[in-house]
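Input: a single structure, listed below in structure tokens.
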Amino acid sequence: MFCTSCGTRLDDSARYCISCGKPTGPGTGDTTPPPAHAPRKLRRILSGKKVAGVCNGFAEYFDMDLTLMRLIWVGLLLIPPHIGAVAYVISWFVLPKDEV
């Protein structure tokens, strides 16, 4: 059996964790739900921007390196129908501004 709070391995008969002291097993009275994570929002981040903050917002949303995201947008710009340019301009006008 493992502690649900800290992950320490416990004996099957343990009622409390030897590391963190939390009660273990069913019926221990710990009915608090796990902490909810705030949903990520796609937005233009104006701090550290080069043009409009679109790349910075996408990099934060997808949890990627900013330079890699900029290279992806340049790659999309080079595709013949210029999908990247159209998508960038649309993102520029549609995404809300957020100064972080």
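Inspect the stretch 14-32 for any residue being within 27 Å of the chain's Cα centre (by Cα) and either modelled with pLDDT under 75 or under 30 Å from W73 (Cα atoms) (or both) and give the result as yes or no. Yes, the stretch 14-32 contains at least one residue that is within 27 Å of the chain's Cα centre (by Cα) and either modelled with pLDDT under 75 or under 30 Å from W73 (Cα atoms) (or both). If you go through the stretch 79-93 and keep only what is surrounded by 11 or more Cβ atoms within 10 Å (Cβ to Cβ), in a helix (DSSP H, G or I) and free of Cβ contacts under 8 Å to residues at least 12 places away in the same chain, you end up with I83, G84, A85, V86, A87, V89, I90.
Residue count for the stretch 52-77 under the criterion of being surrounded by 12 or more Cβ atoms within 10 Å (Cβ to Cβ) and not in a helix (DSSP H, G or I): the result is 4.
The values are calculated or read from the model by the stated rules, or taken from the named source; none is laboratory data. Only a predicted model underlies this, so the values are computations on that prediction, with no experimental measurement involved. So basically every Cβ, Gly included, is an ideal-geometry build from the backbone, and we count neighbours across all protein chains shown.
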